[in-house]
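Read through the structure below, which is laid out as structure tokens, and then see the notes.
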Amino acid sequence: MLAPRTVSTRPFAVCCSILAALTPLLFAQTPASLPSSAHTSTGLQLSDPTLTLRVDALRPDVLRVRLYPNNHPPEDASWAVLPAARTASIAVTPEPAGFSTADLRVAVTPDLRLTVSDLAGHILQSDVLPVTWTPQSFTVTKTKSPVDHFFGLGDKPGPLDRAGEAFTMWNSDSFGFQESTDPIYKSIPFFLEMHDGRTLGVLFDNTFRTFFDFGRQNPTQYTFSAPAGPLDYYILYGPDPKHVVETYAWLTGPTPLPPLWSLGYQQSRYSYTPRSQVEAIAAHLRRDKIPADGIWLDIDYQYKYRPFTVDPTTFPDFPGLIHNLAAQHFHTIVIADLHIAAAPNQNYRPYDTGTATDQFVKENGKAYVGDVWPGPSVFPDFTQSTTRTWFASLYKDFVADGVAGFWDDMNEPAVFTYPSKTMPDDVTHRISGAEPEGFAPRLAFHTEIHNVYGMENSRATMEGELTLRPNLRPYVMTRATYAGGQRYAATWTGDNLATWNHLRMTTPQLLNLGLSGFSLSGADVGGFGGSPSPDLLTKWLMLAAFQPIDRDHAAKGTRPHEPWADGPEQEAIRRHYIEERYRLLPYLYTTAEETSRTGIPIIRPLFLEYPHATADDHPLDNDAPGEFFFGPSILVAASPLPDDVAPYEIHLPPGVWYDYWTGVKLDRRQTLTSRDLELRNPTDTGKPQLPPLMVQPALGDLPLYVHAGAIIPMQPLVQSTDEKPAGPLTLRVYVPADSTAPCVGDLYTDDGLTFDFRHNAYLRLHLTCSLSTDGALTFNIPAREGNFNPWWTHFRIEAIGFTPHTSQAIIANHTAPLDPTKLGYSITIPDTGRPQTIVLR
């Protein structure tokens, strides 16, 4: 048997340090010319007496940086980075101190300190110290200015901006986490650094327990470090943040296009049991006309909590239940934890087949056993391709029964046996060969595999669905994951609590997940642990209607969380917001399709759409906690303190905006300064003054705003995504600010279930409009892309903010009257499938 080892690149101690007092002087000096031998066709490779630095340009805007002891390069492999990206390269231009690309200039000092600049000479990132390297750890130390901002690292609790904070990457079962809790469930070592209007991304591709300090210990520095493993990181240049996020998707893969039903409302609880309770929940949703698409089953449907079983007493005729729910247009998602009950000679197929084919991780040469829900359990060795194939086969019966999706929980992996809540560090995993990730066959300790274990679990689940249903899009939800895990599963923020603070924490958590690749994410609506007050549950259901995944979930022993739980008044508010989500499904699905191509998340911080909203280029989000974009055009302006009844200020990016609910126009075109200093300081003359936009919403009010020039597709209300909408597709046009302003919107649709869209079975329209100087609004429907026939036969074009002169529309030299609506004016026309121009006057 091979001896286990880590992928540490330090067979001997290395110590590189300089006097702190000399650092500013040394750093300010111009780097000396490098020997010609340091230059390579794609970058440089330079050594000092002990270390080798290799910098390669993968693209003009992407660098890969590796540092390792001389003559001991690490494996060129990655669980996170796609092989095509990892092995990409471009030719560079050698320079005396480094090299340049079409976007970047790289300079290196003799002590291997790296400086990256743009071609205009702006320093984007620089090493303030040489890498410190000891037998116990290595640390990369970069300069940090007081105006640097940091985002990403997944759903770490706390503010959206990570500046001044420090974090550990070690997937951990963290029930009831708080803002100060770290680590929690995921390890996504990717972050964005913003400085003076320019943005870089950094992926530190190391699966061990890694550490990030964004100026907590020293406000003039930020660091990332690890106790072992490779020093291998990627630098992604913007300069705008949206480009960095798109490049990260190129590097690690985007979130795939999900099935349409997964964007609908979903009802869950730990646990709906017995079967009759599941059926009662489904009936109540349909009886109260609360649109819904998913019902989730937690562990109590299983026999003795054993994964891949069904309790025949509490859930008789399980296939019949799934069939009956499907007949009511519900998709059933079941939990399928990875821990396999250690139950020999009990006719438990997952254990018997896994043991017979040697699929479980080892401790001292034997299958490791730890205590989880079923009691003593064994754990699949997901770093083996053969184990992933075996695990994928376990879903066969559920797929045959018609189960629509699977829920990978407890996969940090969680183990009840120890205070650490996970398996021991010396448990061994077998990395199999011939993998696209590039790893050689070998054994590895759990310290190396822990942070990717949950991701590889979700990969096996996804591969199982694809094997068993090759033309249906899989749906997998995972709790633990690593960078790149968005390729395999959606995620949620774990076991939150039913508190106002957890509602407030949800927005920055989901925004940072989106920036970290996980566009399909959500939080347990209403809070998992504890019982929300009626108002808290209502506010949470309102906000979740504008988040990627809308799943109401609760723990045992808590009061009911369903929308009808608190009487007709609260239910009416909750239903209204769920209904609005369903009306907006064409817009949401179009945004999800954009995510699948570009990596731009479904919900977005303000700075992603408006990186220069403030005069000093600080992120407007730091002034507006609680605000975010739902898709590219709808700004959700929730209160920064959701339980506070006082008025609060809304910070709209400069421009013209419309109130989503009323159509009222707001002209906010003046530039803002840091925290609106022109409003606070009356002595600051020479700048236009804007009064604060103050709101005090009632319980059922959530302020939403749409920027001028947006085109938002909407549909008639349905009770599930299986239902064909009755009526036209609405194209809601928010009139641009003036005749020079853009007016655009996209529409995408397909069958919502299969991969047929890969074979041209889709429809895409890039819609535009323009406002003439005389006030006429011209709306353009272009030629269709794709050959999919949609559900609608007519378009309803609704103009918001439009002032008609004749109240007529001109269509193909014919005129028709405009219809006044609650928000503006509309005209309904046939969808001919051909380009059309409609002029509203």
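Quick notes on this structure:
- Within segment 503-530, considering residues that are polar (S, T, N, Q) and in contact with a helix residue (DSSP H, G or I) (Cβ under 9 Å, 6 or more places away or on another chain), the one farthest from GLU593 (Cα to Cα): THR506
- Only one of PRO110, PRO130 that is surrounded by 18 or more Cβ atoms within 10 Å (Cβ to Cβ) and not in a strand (DSSP E or B): PRO130
- Against the conditions (1) part of a loop (DSSP other than H, G, I, E, B); (2) within 22 Å of ASP298 (Cβ to Cβ), GLY517 satisfies every one except (2).
- Of all the listed residues (GLY405, GLY375), the sole one being open to solvent by less than 50 Å² (accessible area, probe 1.4 Å), under 30 Å from the mean Cα position of the chain (by Cα), among the small types (Gly, Ala, Ser) and over 19 Å from GLU448 (Cα atoms) is GLY405.
- Taken over segment 808-826, the criterion of being assigned to a strand (DSSP E or B) and more than 21 Å from THR662 (Cβ to Cβ) is satisfied by GLN808, ALA809, ILE810, ILE811, HIS814, THR815, ALA816, PRO817.
- Any hit, segment 192-204, residues being among the small types (Gly, Ala, Ser), assigned to a strand (DSSP E or B), open to solvent by less than 10 Å² (accessible area, probe 1.4 Å) and closer than 19 Å to ASP76 by Cα: no
- Members of segment 470-508 found to be in contact with a strand residue (DSSP E or B) (Cβ under 8 Å, 6 or more places away or on another chain), of a type outside the set (A, V, I, L, M), buried (at least 24 other Cβ atoms within 10 Å of the Cβ) and closer than 30 Å to PRO534 by Cα, listed by number: THR478, ARG479, THR491, TRP492, THR493, ASN496, THR507
- Any hit, segment 89-101, residues being surrounded by fewer than 22 Cβ atoms within 10 Å (Cβ to Cβ), within 30 Å of the chain's Cα centre (by Cα) and closer than 20 Å to THR40 by Cβ: yes
- Residue match in segment 502-514 (condition: outside any helix (DSSP H, G or I) and at pLDDT 95 or above): no
- Checking each residue in segment 265-304 for being hydroxyl-bearing (Ser, Thr, Tyr), more than 16 Å from VAL718 (Cα to Cα) and in contact (Cβ under 8 Å) with a residue 40 or more places away in the chain picks out SER268, TYR270, SER271, THR273.
Conditions (1) outside any loop (DSSP other than H, G, I, E, B); (2) under 20 Å from VAL55 (Cα atoms); (3) open to solvent by 10 Å² or more (accessible area, probe 1.4 Å), marked per residue:
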residue	(1), (2), (3)
GLN136	no, no, yes
VAL147	no, no, yes
PHE150	yes, no, no
LYS156	no, no, no
ALA163	no, no, yes
THR168	yes, no, yes
GLY176	no, no, yes
GLU179	no, no, yes
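- Of all positions in segment 801-818, none carries a residue that is in contact (Cβ under 8 Å) with a residue 40 or more places away in the chain, in contact with a Phe, Trp or Tyr (Cβ under 7 Å, 6 or more places away or on another chain) and of a type in the set (A, V, I, L, M).
The values are calculated or read from the model by the stated rules, or taken from the named source; none is laboratory data. Remember, predicted model here, so these are calculated numbers, not experimental data. Backbone-built Cβ (ideal geometry, glycine too); neighbour counts: all protein chains shown. All accessible areas refer to the heavy atoms of the entire protein, side chains included, with ligands and DNA or RNA removed. Shrake-Rupley method; radii C 1.70, N 1.55, O 1.52, S 1.80 Å.
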